[in-house]
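Notes follow once the structure below has been shown.
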Amino acid sequence: MAKIVGKHIKHSANTEIVSKIERETTFLVKSSTPFISALKRIIKILDKFDKASKSNRRFKSGAYNNVKYVKIKGMGRAIEKTLSLGLKFQNELMYKTDVLTGSVEVVDEFKVGGAEIEENKERKDEEEDELDDEDKESVFKKRMASFVEIRVWIKRD
Amino acid sequence: MAGEKGVPNVKKAKLYNSRTIRTDLTDSAYKEGKLSVPEFLNSREFEIHSLEKAKLKAKYAGSNRCFQSLPRTLRRRTASHNVKRIPKRLRNRAINEMQNSVNGIPPKPKLPRGRALYKLKMASKLLKLASRIKELRGIPSVLNQDGLKLRSRIKLLKTQKRELQQGKGEEAKSSATSLLNNKMGSYDNSGVNGFAPIPRGNIKYTKRQREYVWLPTHVWHVKRAHMIKRFGYQIPYSPTQKCFKSINRASKQDAICFDTSYYDSMIVHISSTEQRDYVLKNVTKFKNRLVPQQFLSGKKTYDDWIYLKDSVVGKGLIFIYQNKILIRLHPSLYSEYFEYVKELLNGEGEVHDCRYSLGSLELSGPGALYSLSKILHKDKSAEKDTSATANWFQLAAQSDSNNTIPVGTTFAINVQDPRLWSKPTAPPKSFSEGKTINDLLVNLSTIPTVDDSALLKLFDNSRRYETYKDQLTIKELSKRNNIGETKRETTSSSSIPLLITKLKSSNNWTVILPWFWVLPFWIELVKVTDLKFGGVSQLHQINYENGKSTFPIDYPFLKDGYLESEFNIAENTKKYNKKPSSHKIDLEGSEHGNFHGSDWRFLQLATYGCEIIRRGNPQDNIHPNSAFGTFMDSKLQLKATSDLLQLIKYAKEVDEEKRLRGELVSLPIILSSKKIVDNLQSMALTPTMKFPPLPVVQVKITLIGKGNPINNARIYASSQKSGEGDIKVENLIGFVTSGTFNLNLGRGTCIGCISAYSAIASGKRLIIVKNIGHTVPMMATWECI
């Protein structure tokens, strides 16, 4: 494969629309996500399904009854953090958890080329001539990236 | 009042009833000191039920009008005395509640008499005549005649109606203006090489839109939003309901739609490729370069700086298709620019004013495309299913529109009248086995996205008018719905061209379509669940939260942006002067510049003035009162900041005089380019009021700690860590144009402009932001937009 010369823009793996329920029950871990705040936010999601509490009524009826687990997903560098989150839920918080591994298709964008300078014109000002990245032609390439998914099963008695 | 004594107080009785809980006192479950639980429960069944009932009664006794129990989104203005404002399912209850509570008979309405009755009758006669004429496919002739009395207007309409019925209009049938091809009153209102006349709208509301044009969705919007009269239009400003948080959430998760038909478009018809290149060179930022092929081929739209005679005037959208160029601009720029383009053409080619013949919708948020695709349906009357349309539906049906799709991506498709479907329907997800949305994205630059027939229709005046042919009225639509859905295709043959493109300036999607199709699309679009609507204020909010600037408010270095900032100062001053004197806090001495807004003139004079003072003091320290200004050789010498403040005060007085005389005051700031910002130190400066305009850069500011910055906050250069000592006039480097608490980042951020000299000098990019009237400095960092 020929190497592409140009600015590389990495895009999110989430290019498709997800349903509202899926959005509310999935937690995506970034490499910059602090561990504790991730933990707290996931517990917050799980608590919404807790029948004993009176808040978040929506989560205790209708289509939310079919939700069986909360997903925690992480890619690349965040895999380790995702796994340790999973372990925390499994060993300390006593949730039933599943671990799934897989790869996901991501799209890479390269900004290549640019407008040619007219021949008979001299370059007056370098800054003005600099083309925006947005104006350059973009080339897309697919790539597979590995991810891990932890399923934390909601406690329903 | 003796009579009232006998009448029981209904309200009190109701309240009393709602609060009493009836109880059953006999209890057989309690035997020999033991309680039999099932028996006890059985015996208490009555009590439990009445308790539950009582709870409900207590809840509803307080809210004795049915609209009070409605959710906020369904509440309407004047719902207390107009049943039509209440949803149909509650109307009977509302009518009951509105009746006289003493005897149950509704109050007799007062009928007008005499002159008032005559006036009403005549007005209704006029409206009936006008609607009859509309049905006969004519335009009521009195629309364009101001100053006629009511009776003569009726007379004119009567003759017109008679002529239309007798077929006298036959000879004029060919010309579009005298006899329309539809009953809706839709027509193409464009001007060729000149401005199109202002549309007059419906005869009932003609008077109200003489000066400020109504958008196609005006009537929908006035019921739900605050409107502003700016730029020759009545523009929705913000929904009546509180929406700051919900708009933020929708922009991250769902979608928001806007009617942006107030953006004005013109279509330039070019005679040759040389002329096309000449026009593009003078209009776009590609001065020394060739315009990239992706713009020339009609694959992408250009949404960037627009030039007028070598100077930037704002940002605008340009789309090139064959020999036509679409230029879409903010309405504040339009009229001047139209004349400029006409000059550029120099008699060859034509320029069409399409501001009242092309409307547009804007959608923001990840669900933008998906929501839009729910109301669009392929035009089946076309010969074959073009691949552009298929590609569009594939992309829109499942892609998250905020992500990945490059800005400028453009689609042009033909669709059917969206009103033929009673509710929004999701398009099928139509990928073949093993293919995903990513495959489509990878090939986006090579696959066809533009249907030629759609663009030919959209960019041509007469063919645009053809799309209104037999446009269904609401009456016809409801009749059609009664027939059944199977005959859908046979009852309408509409084919509406759309141009859908992703804007670079805001990352929003915009849909450009014929003016009179905006309303039908809008009505259907707002039926989509989880779709909110917004006004200009929400567009500003979304841009701000994503760290993008909004025209004109964030562009004070351009003429229109500067006028906007002056306008804001004037408005704030007016508000301030209306306050009682006890509430007026005079900040004249304590704030740098006019404390009602961003004082750019002050910034310009202060920056140059301080430089002069610094040169005069080799020790590089400026004491506010160390020395006084002296006149030497009949020239003012600047020695201290007190002299500077005097100079600024005087300069402003001179400016004000100039303004009153009607002379043009040049802008105090300009956008910096590399050429301008060489060095302040080497510049020859003399203490006058005629300093060169100060170069500024547009920046995005993020607070380091806590704080809530507001618009027009002052920006100071920071030298030490503490900050408080830095709030001095010589450290003033700019103003915040939009600032508040950013819900996306969870901290205060601003968009503003700072002097380019200080931008070069500040290495760590640390600054201080200080709100007007506050003393607490807020440390922040900045980066260029």
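Every number in this text was worked out from the coordinates using simple rules, so none of it is lab data. Bear in mind that the values here come from a model prediction, so they are computed numbers and not experimental data. For neighbour counting, all protein chains shown are included, and Cβ atoms are generated from backbone atoms with ideal geometry for every residue, glycine included.
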- Average partner coverage of A:137-148, which counts Cβ from other chains inside 10 Å: 3
- Note on the structure: If N is the residue count of region B:114-172, its Cα Rg over 2.2 N^0.38 Å rounds to 1.18
- Query: Taking amide hydrogens as modeled 1.01 Å from N in the peptide plane, which residues meet the under 5 Å criterion relative to B:LEU215, leaving out close sequence neighbours?
  - Reply: B:GLN234
- Message: Based only on other Cβ atoms within 10 Å, what is the fewest-to-most ordering of B:HIS774, B:HIS49, B:HIS81, B:HIS218?
- Response: B:HIS81, B:HIS49, B:HIS774, B:HIS218
- Item | Span-rule helices in chain B, defined as complete DSSP H runs reaching 18 Å or more along the axis (Cα) with Kyte mean at least -1.0 | B:37-62, B:114-135, B:331-345, B:600-616, B:641-661
- Task: In debye, nearest 20, what is the charge dipole magnitude of chain B about its Cα centre with +1 on Lys and Arg Cβ and -1 on Asp and Glu Cβ, if you could check?
- Result: 4700
- Query: What FRET efficiency comes out for the pair A:TYR69/B:SER131, r = Cβ-Cβ distance, R0 = 60 Å, nearest 0.05?
  - Reply: 0.50
- Message: If you filter region B:298-400 for GluC sites (Glu not before Pro), then keep DSSP loop positions with at most 15 other Cβ within 10 Å, what is left?
- Response: B:GLU348, B:GLU383
- Could you give the radius of gyration (one decimal) and Dmax (whole number) of the Cα atoms in region B:300-415, in Å? 17.1, 47
- Task: Summarise the long-distance tail of P(r) for region B:348-427 by giving the % of C-alpha pairs beyond 22 Å.
- Result: 35
- Averaging sequence separations of C-alpha pairs under 8 Å and six or more residues apart, then dividing by the length of region A:27-111, give the relative contact order as a whole percent. 32
- Query: Which whole-percent values make up P(r) of region B:258-343 when all C-alpha to C-alpha distances are grouped in 5 Å steps starting at zero?
  - Reply: 3, 14, 27, 29, 18, 7, 2, 0
- Note on the structure: One would report the Cα pair-distance distribution of chain B, bin width 20 Å, in %, as 13, 37, 31, 16, 3, 0
- Query: Can you give the % of DSSP beta bridges in the protein assembly as shown that are antiparallel, to the nearest 5?
  - Reply: 90
- Note on the structure: Magnitude of the Cβ-charge dipole (Lys and Arg +1, Asp and Glu -1) of the protein assembly as shown about the Cα centre, nearest 20 debye, reported as 6460
- the protein assembly as shown pair-distance distribution - Cα-Cα, 20 Å bins, rounded %: 10, 35, 35, 17, 3, 0
- Only helical DSSP H runs with n ≥ 4 go in: add -39500 (n - 2.57) per run for the protein assembly as shown, normalise by residue count and round the 222 nm mean residue ellipticity to 500 deg cm²/dmol. -9500 deg cm²/dmol
- If you average the sequence gap of Cα pairs under 8 Å that are 6 or more apart and divide by the length of region B:114-172, what percent do you get for the contact order? 37
- What is the percent of Cα-Cα separations in region B:259-545 that go past 23 Å? 55
